[in-house]
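The values are calculated or read from the model by the stated rules, or taken from the named source; none is laboratory data. Being a predicted model, the structure only gives us computed values, none of them experimental. Cβ sites come from the backbone with ideal geometry, for glycine too, and all protein chains shown count toward neighbours. Keep in mind that these areas ignore ligands, DNA and RNA; they rest on the heavy atoms of the full protein, side chains included. Shrake-Rupley method; radii C 1.70, N 1.55, O 1.52, S 1.80 Å.
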Amino acid sequence: QYNNSLEYYQAAKDMVELEDTETKQELTNAIEATRQGLDQAKRHDEDRKAIIELLKPAERSLQEAIVAFIDNDHTVARIRFRQARDTFEDAQETIAESESDLLPEPVEVTIQPDREPPSTMLSELSVIPEAAATALTEAGIETIDDLDSSDESPLTSAAVEELVANEAIEEDTATALTLLSWWHGDGRYTFETAEEVERRQQQADYGFNQSS
């Protein structure tokens with residue numbers, strides 16, 4: 001649209017009589033304003049593409065870190081959590097430094113992690129003790145999809161926090177459940193706001209600290 005406007009403005013300017021300086025100046029001003037708008041649109045497009053290119057590897061690293069943690073491979077988990085944290089931070093900086101809103105509409109990233117949990121049933125995961133799995137089942141939490149996550153501190157869901165408070169599950173089990181609540185198995189994740197990018201960065205940082 002900007003390019004079309006520039007063509008029309010320039011064509012109109014070329015048709016104006018030489019002595020009609022006022023109209024020529026008005027059209028010159030319109031052309032300059034349109035060019036500025038075009039430049040801003042290009043920068044917005046470039047920044048938005050940069051955001052997508054940052055969010056994809058960040059989300060992939062986070063998903064791989066979660067599964068590595070569940071597999072008790074804490075060395076790989078720590079590396080992936082650190083990569084996710086740092087890349088999400090880069091995305092945050094790009095958002096903050098952009099002259100325009102880079103998330104006026106949701107950004108969906110598609111990823112293909114190199115690993116996934118051996119099962120979505122919590123009772124079948126070695127990181128979840130049998131007694132804890134029983135307590136979770138009694139609370140109506142049987143699969144990874146049944147886990148709800150918290151957007152605010154504490155990051156652990158209210159249901160898991162209650163089980164910890166009642167001494168039905170241990171803190172390390174609660175940590176594993178918290179991380180699992182951030183895993184998704186459909187290969188897609190949608191970022192709708194800058195706050196959601198920040199929250200993902202905080203989750204990656206949490207995982208990094210828990211993997212040490």
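Could you work out the helix-only [θ] at 222 nm for the chain, with each DSSP H run of four or more residues adding -39,500 (n - 2.57) and the total divided by the number of residues, to the nearest 500 deg cm²/dmol?
-21000 deg cm²/dmol, from helical runs alone.
Could you derive backbone 3J(HN,Hα) for region 124-131 from the dihedral phi with the Karplus parameters 6.51, -1.76 and 1.60 (θ = phi - 60°), listing whole Hz in sequence and x where the residue is Gly or Pro?
9, 9, 5, 6, 9, x, 4, 4
Just checking my list (i) 53, 15, 13; (ii) 39, 16, 15; (iii) 24, 23, 15 against semi-axes √(5λ) of the Cα gyration tensor in Å computed from this structure; which label fits?
(i)
To the nearest 20 Debye, how big is the dipole of region 99-158 about its Cα centre, given +1 on the beta carbon of each Lys and Arg and -1 on that of each Asp and Glu?
Roughly 320 debye, rounded to the nearest 20.
Return the long-range amide H neighbours of THR143 (sequence gap of 5 or more, or a different chain), with a cut-off of under 5 Å between placed amide H atoms.
Amide H neighbours of THR143, under 5 Å, 5+ apart: LEU122.
Roughly how many Å² is the accessible area per residue of region 36-117, as a whole number, for a 1.4 Å probe?
With all protein chains present, region 36-117 gives 53 Å² per residue.
Calculate one ³J(HN,Hα) per residue across region 80-94 by plugging θ = phi - 60° into the Karplus curve 6.51 cos²θ - 1.76 cosθ + 1.60, and present them in order as whole Hz with x for glycine and proline.
These are the phi-based 3J(HN,Hα) values: 5, 4, 5, 4, 5, 4, 5, 6, 5, 5, 4, 5, 4, 5, 4 Hz.
I'd like to know which of VAL76, SER123, GLN92 lies farthest towards the positive end of the charge dipole of the chain, counting +1 on Cβ of Lys and Arg and -1 on Cβ of Asp and Glu.
VAL76
Taking the Cα centre of region 1-150 as the origin, how large is its charge dipole in debye, to the nearest 20, when only Lys and Arg (+1) and Asp and Glu (-1) carry charge on their Cβ atoms?
480
Computing the accessible area with a 1.4 Å probe over protein heavy atoms, can you report the carbon and sulfur percentage for the chain?
Carbon-and-sulfur percentage of accessible area, whole number: 42.
What ³J(HN,Hα) values, in whole Hz, does the Karplus curve 6.51 cos²θ - 1.76 cosθ + 1.60 give for region 50-56 when θ = phi - 60°, with x put for Gly and Pro?
Values, residue by residue: 5, 4, 4, 5, 8, 5, 4 Hz.
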